[in-house]
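The values are calculated or read from the model by the stated rules, or taken from the named source; none is laboratory data. A quick note: this is a predicted structure, and the numbers were derived from the prediction, not measured. Don't worry about glycine lacking a Cβ; one is built from the backbone with ideal geometry, like all the others, and counts go over all protein chains shown.
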Amino acid sequence: MEIKIFDTYEQMGQFAADIIEETMKSKDKPILGFATGATPISTYNALIEKYREGKISFKSVTSFNLDEYCTIDRDDKNSYYTFMHENLFNHVDIDEKNVNVPCGNPENVVEYCKGYDNSIEKMGGVDVQILGIGRNGHIGFNEPSDSFTMGTYKVELTQSTIEANKIYFPNEDAMPRQAITMGIGTIMKAKKIILLANGESKAHAIHDMVKGDVSPKCPASVLQNHPNVVVILDKAAASLL
Ligand code: F6R
């Protein structure tokens, strides 16, 4: 793992966007893996800026998002589909037909999840996957557990995740308890991974990810086994390293 530590959240986003720009320029049809949440917003802002400056175009990009909540509609203001449109897709020239955010409420979950993984594979795999990290060490919505789940699947969110994300919902009861997420195997197949974390609340998870044993108790620790990971941190998130 290559670890980069920055003074500001904006610098983190700029650095991540520079890597993504490089990948986009090196491929005719780049496949980008996106994450939601507070962490990647400065990266998305930097990508929008690069697009406005004419440095990059998303015309030939295909995107695959990590996850989506179950039980809410894709047009709900808290869906990850909406998040991606508001924070990136509506501001660049990506073709909507090349946008893939998992459906949170598929009729046949097993078939749907298999199909999501197959679509990624058919496109030749994700060239660069952006990840945030949960305070509990989750990546995507792969929560701490006794084993790694490899493919995309439906997961029960843990109390730690509900506590962290309920602030976006009118009340705790409105927060979905389940999500569809890329599995650990799906994430690990990405050719390059950029994991971003800022703030003290992520320091323990970052410590366990980098210095702990590779264990499903800290799902992000599996990234120790990936050959091409860049970890982009601020000083607070790096404070226990
Ligand atoms: C989001 C995702 C999650 C978040 C993580 C951190 O698509 O998969 O793993 O990256 O929960 O969330 P923030 O960035 O809001 O702290």
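Observations
- Taking residues in segment 37-56 that are farther than 21 Å from residue 138 by Cα, and partners anywhere that are part of a loop (DSSP other than H, G, I, E, B) and more than 16 Å from the ligand (Cβ to nearest atom), the pairs with Cβ atoms closer than 6 Å and at least 6 places apart or on different chains are 50/56; 51/92.
- Inspection of segment 54-71 identifies no residue that is farther than 23 Å from residue 188 by Cβ, surrounded by 18 or more Cβ atoms within 10 Å (Cβ to Cβ), within 15 Å of the chain's Cα centre (by Cα) and among the small types (Gly, Ala, Ser).
- Among the residues of segment 123-148, just one is near the ligand (Cβ under 10 Å from one of its atoms) and either hydroxyl-bearing (Ser, Thr, Tyr) or surrounded by fewer than 19 Cβ atoms within 10 Å (Cβ to Cβ) (or both), namely 135.
- Checked against (1) within 14 Å of the ligand (Cβ to nearest atom); (2) touching a strand residue (DSSP E or B) at 6+ places or on another chain (Cβ under 6 Å); (3) of a type in the set (Lys, Arg), residue 166 passes all but condition (2).
- Residue within segment 114-122 that is in contact with a strand residue (DSSP E or B) (Cβ under 7 Å, 6 or more places away or on another chain), within 11 Å of the ligand (Cβ to nearest atom) and at pLDDT 95 or above present: no
- For segment 146-241, the strands (runs of 3 or more DSSP E) that sit wholly inside it and include 2 or more residues that are among the charged types (D, E, K, R) and modelled with pLDDT of 95 or more are 153-156.
- Some residue of segment 149-158 being more than 10 Å from the ligand (Cβ to nearest atom), more than 18 Å from the chain's Cα centre (by Cα), among the hydroxyl-bearing types (Ser, Thr, Tyr) and over 21 Å from residue 116 (Cβ atoms): no
- Note on segment 82-116: among residues that are polar (S, T, N, Q), farther than 20 Å from residue 42 by Cα and surrounded by 14 or more Cβ atoms within 10 Å (Cβ to Cβ), the one that is nearest to the chain's Cα centre (by Cα) is 100.
- Scanning segment 59-87 for residues that are of a type in the set (Phe, Trp, Tyr) and touching a residue at least 40 places away in the same chain (Cβ under 8 Å) yields 64, 69, 80, 83.
- Pairing residues of segment 128-143 that are within 10 Å of residue 202 (Cβ to Cβ) and of a type in the set (Gly, Ala, Ser) with residues that are in a loop (DSSP other than H, G, I, E, B) and near the ligand (Cβ under 6 Å from one of its atoms), at Cβ distances under 6 Å and at least 6 apart in sequence or on separate chains, gives 132/35; 132/37; 132/39.
- If you go through segment 182-215 and keep only what is over 26 Å from residue 236 (Cβ atoms) and within 15 Å of the ligand (Cβ to nearest atom), you end up with 182, 183, 184, 186, 188, 190.
- Number of the exception - residue 41 against (1) in contact with a strand residue (DSSP E or B) (Cβ under 9 Å, 6 or more places away or on another chain); (2) within 16 Å of residue 196 (Cβ to Cβ): (1)
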